[in-house]
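The values are calculated or read from the model by the stated rules, or taken from the named source; none is laboratory data. Source: prediction; values computed, not measured. With ideal geometry, Cβ positions are generated from the backbone for all residues, glycine too; neighbour counts draw on all protein chains shown.
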Amino acid sequence: MATPSLRGRLARLGNPRKPILKPNKPLILANRVGERRRERGEATCITEMSVMMACWKQNEFRDEACRKEIQDFFDCASKAEEARKMRSIQGESGSLPPKKLNMLLQRFPNKPHVS
Amino acid sequence: MAAPLVKATRGWSDLALSVPSAILRLPGLTQVRWSRYGPEYRDPQIEKEYYRKPLAELTEEEKFERELRKTQRIKAAPAMKTSSVFEDPLISKFTNMMMKGGNKVLARSLMTQTLEAVKRKQFKKYHAASSEERATIERNPYTIFHQALKNCEPVIGLVPILKGGHFYQVPAPLANRRRRFLAMKWMITECRENKHRRTLMPEKLSHELLQAFHNQGPVVKRKHDMHKMAEANRALAHYRWW
């Protein structure tokens, strides 16, 4: 599929028609890409937390009565933390993440001039 | 941090130089906090157990790391980190948090006076108690300190989350270091603010530590208040995204 053409779209002296496009910035590629939209995460460890709070309600918020539930909550929290770290270390499966792309583009920027 | 460097220099074992790692230098930004040590400097290994291991027990990796450390440049160890048996990382951290204006001498003396006061109180109780109760009285100030701070650690914390233009206090699990920090912070704040003008810090701190050791007192109450608020806001838990 060909890209849509720019011929006769802008307001120029040689162009007899009304302008189709009126860009507010110059049509030049910038040396950065946009950020990836972060995907919607859900809250982790809700069930363990509610179990622990139910135990607290029954035992007047004493910690020694709810040891097991508290330990389960901690285990769930640490597992969730590790999973999050693994996901962030793995990075983007398809292309490079936008931060690395921006670093590369900073080092090798787009040439607006010919030479 | 040593692991990637080990992989990089395995191929060149005869080279004494280490591979310089690329520092991110952004144009127009100068680093404000920096150290005189370059990136090739390694952290010092202070633990005695590392050096006491007999040579036969070491794995290949550890033997290689030992050889590497002979040629690498190592930073100087900080003044407060020793390999002494008396050093306790929790006590050092607490002393640093108590310190004001860099007066480490005063903070350390306050810490030692606190531990002494705790010990004296417990010994007094011990000598006044009958022989059945004597077994239950803990006299080691370090165990009392550790247990008291452990009793003050909150299990769950509240995080302000912006949703629909309002900030909601959402219950969320806390990291271990955050919980330890909160326990120490609450203890110090309590001892600084809620005391009579003429009581000294060691006196007040020892009193609070002993109360926290028995799960009583204002610091443990603050922890319970935090838990109660989290329990009251448990419906907002879905506002979290992590």
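Does A:Ala30 satisfy the criteria of being under 32 Å from the mean Cα position of the chain (by Cα) and within 14 Å of chain B (Cβ to nearest Cβ)?
Numbers: under 32 Å from the mean Cα position of the chain (by Cα): yes; within 14 Å of chain B (Cβ to nearest Cβ): no.
It is false that A:Ala30 is under 32 Å from the mean Cα position of the chain (by Cα) and within 14 Å of chain B (Cβ to nearest Cβ).
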Would you check which residues across segment A:3-27 are surrounded by 10 or more Cβ atoms within 10 Å (Cβ to Cβ) and over 33 Å from the mean Cα position of the chain (by Cα) and list them?
A:Gly8, A:Arg9, A:Leu10, A:Ala11, A:Asn15, A:Pro19, A:Ile20
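Condition check ((1) more than 10 Å from chain A (Cβ to nearest Cβ); (2) closer than 25 Å to B:Met99 by Cα) across all residues:
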{"site": "B:Asn194", "(1), (2)": "yes, yes"}
{"site": "B:His207", "(1), (2)": "yes, yes"}
{"site": "B:Leu210", "(1), (2)": "yes, yes"}
{"site": "B:Asn215", "(1), (2)": "no, no"}
{"site": "B:Asp225", "(1), (2)": "no, no"}
{"site": "B:Asn233", "(1), (2)": "yes, no"}
Restricting segment A:35-77 to residues that are β-branched (Val, Ile, Thr) and within 8 Å of chain B (Cβ to nearest Cβ), which is farthest from the chain's Cα centre (by Cα)?
A:Ile70
What are the residue pairs meeting all of these: first residue in segment B:189-215, first residue of a type in the set (D, E, K, R), second residue in a loop (DSSP other than H, G, I, E, B), Cβ atoms under 7 Å, and 6 or more apart or on different chains?
B:Lys204/B:Lys195
Would you mind telling me which numbered condition in (1) at pLDDT 95 or above; (2) more than 26 Å from A:Glu48 (Cα to Cα) B:Leu182 fails?
(2)
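If I filter segment B:171-187 down to residues being away from every other protein chain (no Cβ under 14 Å) and touching a helix residue (DSSP H, G or I) at 6+ places or on another chain (Cβ under 6 Å), which single residue comes out as farthest from A:Ile46 (Cα to Cα)? If you could, list the steps in order and put the result at the bottom.
Start the filter on segment B:171-187 by keeping residues that are away from every other protein chain (no Cβ under 14 Å), which leaves B:181-182, B:184-187.
Applying the additional criterion that residues be touching a helix residue (DSSP H, G or I) at 6+ places or on another chain (Cβ under 6 Å) yields B:184, B:186-187.
Working: B:Met184: 28, B:Trp186: 27, B:Met187: 30 Å.
The qualifying residue farthest from A:Ile46 (Cα to Cα) is B:Met187.
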Looking at this structure, is B:His127 within 30 Å of A:Glu69 (Cβ to Cβ) and of a type outside the set (Lys, Arg)?
no
Consider segment B:109-139. How many of its residues are more than 16 Å from B:Cys191 (Cα to Cα) and in contact with a helix residue (DSSP H, G or I) (Cβ under 8 Å, 6 or more places away or on another chain)?
9
Quick one: which helices (runs of 4 or more DSSP H) lie wholly within segment B:20-113 and hold at least 3 residues that are under 30 Å from B:Leu200 (Cα atoms)?
B:89-98
